[in-house]
Amino acid sequence: MKDLVSNQIVRYLEARDVEHVFGLCGHTNIALLAALEKSERISFVNVRHEQIAAHAADGYARAARRTGVVLSHLGPGLTNATTGVANAALDSIPMVVIAGDVPTHYFGKHPHQEINLHADAAQYEIYRPFVKRAWRVDQPHLIAEVLDKAFALAESGRPGPVLVDVPMDVFSAEVDVALFDKVVGNTRSLVRPSLDEAAAERIVQNLLDAERPVLYVGGGIVAADAASELAEFAELLSLPVAHSLMGKGALPDDSALVLGMTGFWGTAFTNETTRTADWILALGTRFAEADSSSWYAEYTFDIPATRLMQIDIDPAELGRNYPLEIGALADLKSALTVLVRVARRLAPDGVRRDELLARIAASRATVKLENAEAQVSDAWPMRPERILSETREVLPSDAIITTDVGWNKNGVGQQFDILTPGTFLTPGGFATMGFGAPAAVGAKIARPDRVVVSLVGDGGFGQNPAVLATAREQDVSVVWVVMNNNAFGTIAGLEKAAFDTTYGTVFGTADDPMYTDFAAIAEAYGVTGIKVDSAAEFKPALERAIALGGPVVIDVSMVNVPTPTTGHWNILDIYTPGETVEHVATD
């Protein structure tokens, strides 16, 4: 029996329990769109820009803990999506991108929108630097096998995006259904590598013998769904937990063991604790530059003076930036299960560190006191600390927060409590401006039962305001809080500090500041817009927006003050060598 490839692709996606495909049409992929229309189990989330599709699929994958699927057109469609796909790659998010291509019989002839200036039929190679693998499927009989490989690769090891590039004539070709029968019956999950008992004993014994042990966790904990195992292990041995930006919320911030975020935007207490630790066990983290203060030993991590053990699913990350005493390749959920079992055997009564807990509590109280005045300030434009504080007061503990870049990302990482693991979605590795707003749409589609709020700057929201069209069309009740300082604020503060100018970073001029009314833009898209005109109006506006039950944009003016920093970033040595200048206020 034979059927169209496009129909069989939809059948395969249904068998994998795919419920949503994010994308944008083009003449090369409409055969697949037509097949999707007949599906009773998959909905197509239509966007106005492919970057929105990729970021929304990314947010969906994080919130649903399953693979995001993107449908793209060739040429400009594929290139438009690159930023979102690369962002997913650096944050280890599973994603399958299905892209249309020119007909096989027109390869190399300059057909409409083909990219072939370097090599014929090579548009898919654009994705090679950042996807786990890129396939171009030129023969209909190969599509079933490649699709199955694509999903398995995206989801296994260190998760990430893959590309399946399909010429438009292949979508419309007939194929033997038996080829898809074979892969539909294939296993959907693979057994992941664990930690052997001997290695676990060495790790646990080192932590028990240590005077100043620290667990350092990254986004790999959330990706592996290992938050509960982490909590059990940390609590059993009273191990303080520091985290990267991506690891925020892996252990809820109200836990007595949470030190906080490390690095440039980390707290002084956290950086000092990790710097002076005698043993660190790192779990699912890349030791990225911002999290590690550009790897300067005097700020955040002093390794090898501090002895390091590291567990990761990706062998390339083991010992990449710091030398190891013990390196283990393992799935974190499985590894922590073994570590808990061994810890209960070696320390059946657990461990108490009352003095440490008291110091963590005192540090938290100090940080809160430092922010207390700003959190209640009636200043207008608003203080960002008050925006974050009142947002936390309004939201339920399991609300999903997406951020973009700037104060919203760095401030949330530093000052905003995440109370449920997996509810903080941020562009970590790529720090992509434009991520937060569409990621919130994907997250809400994945978790319609949750409150979803996107904290985003005016620069970030301005990247792709057309996300509002998708939110309205899909009836997605996301609330966007646009922290509007009429600038690329973080970079403006850096440029002002280093070069005493804000050229190219602040919008408009003194005569025409070009303030953008994002509430009015929302209304133009048929979405509710609320323009806040005083600090006192913000909290009621957020409460109202959540209660409305539809997409809402809140535009709130924010003063451009720098996020406090205690770590270091190498760019300061480049711009202001020998000085301690960082970011300054530009308002």
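Quick notes on this one:
- J(HN,Hα) series, the range 289-305, from Karplus relation 6.51 cos²θ - 1.76 cosθ + 1.60, nearest Hz, glycine and proline x: 4, 5, 6, 10, 6, 6, 6, 6, 5, 7, 10, 10, 10, 10, 10, x, 4
- Each pair of Cα atoms in the range 376-575 enters the Kirkwood radius, and Stokes-Einstein at 10 °C and 1.306 mPa s then converts it into a translational diffusion coefficient of 93 µm²/s.
- Where only alpha carbons of the chain are counted, the Rg and the Dmax (Å): 24.5, 74
- Under 5 Å, built H, 5+ apart or other chain: amide partners of residue 279: 212, 214, 307
- Backbone phi angles across the range 384-394, fed through the Karplus curve with coefficients 6.51, -1.76 and 1.60 (θ = phi - 60°), yield HN-Hα couplings of x, 4, 6, 4, 5, 4, 6, 5, 4, 4, 7 Hz in residue order; Gly and Pro are listed as x.
- For residue 380, distant residues with modelled amide H under 5 Å away: none
- Taking every alpha-carbon pair under 8 Å whose residues sit at least 6 apart, the chain reaches a relative contact order of 14 percent.
- Rounded to 5, the percent of DSSP beta bridges in the range 434-587 classed as antiparallel: 5
- Stokes-Einstein diffusion coefficient of the range 222-291, Kirkwood radius over Cα pairs, 25 °C, 0.890 mPa s, in µm²/s: 199
- Positive-end residue of 516, 462, 550, charge dipole of the range 376-575 with Cβ unit charges: 550
- Cross-link reach list, lysines versus residue 2, counting only Cα pairs under 24 Å and skipping chain neighbours closer than eight places: 38, 149, 182
- When the P(r) of the range 2-184 is calculated, the portion above 23 Å amounts to 33% of the C-alpha pairs.
- Distances between placed amide hydrogens fall under 5 Å for residue 165 paired with 99, 135, 136, 137, all partners being 5 or more residues away or on another chain.
- Rh by Kirkwood over Cα pairs, then Stokes-Einstein D for the range 197-359 at 0.890 mPa s and 25 °C, µm²/s: 161
- For the chain, share of DSSP beta bridges that run antiparallel, in % to the nearest 5: 5
- Exposure proxy ranking, count of Cβ atoms within 10 Å, fewest first, for 58, 511: 511, 58
- The helix-based estimate of mean residue ellipticity at 222 nm for the chain, built from -39,500 (n - 2.57) per DSSP H run of four or more residues and divided by its residue count, is -11500 deg cm²/dmol to the nearest 500.
- Phi angles of the range 211-225 translate, via the Karplus equation with coefficients 6.51, -1.76, 1.60 and θ = phi - 60°, into HN-Hα couplings of 8, 9, x, 9, 8, 10, 10, x, x, x, 5, 5, 4, 8, 6 Hz per residue; Gly and Pro are given as x.
- Taking chymotrypsin sites (Phe, Trp or Tyr not before Pro) across the range 272-333, the ones in a DSSP loop with at most 16 further Cβ atoms lying within 10 angstrom of their Cβ are 296.
- Percent RCO, i.e. relative contact order, over the range 330-447, from Cα pairs under 8 Å lying at least 6 residues apart: 18
- For the range 397-520, the relative contact order comes to 24 percent (Cα pairs under 8 Å, sequence separation of at least 6).
- Cα coordinate range in the range 265-352, projected on the principal axes (Å, largest first): 37, 33, 22
- For residue 496, the aspartates and glutamates whose Cα comes closer than 17 Å to its Cα, not counting residues fewer than 8 places off in the same chain, are 573, 579, 582, 587.
- Low-density loop cleavage sites - GluC sites (Glu not before Pro) in the range 178-276, where at most 16 other Cβ are within 10 Å (DSSP): 211
- Assigned charges on the beta-carbon of Lys, Arg, Asp, Glu; the range 2-184 dipole about Cα centre (debye): 480
FYI, it's all coordinate maths here, none of it is from the lab. On a predicted model such as this, the values are computed, not experimentally measured, just so you know. Cβ: placed from backbone, ideal geometry, glycine included. Neighbour counts: every protein chain shown.
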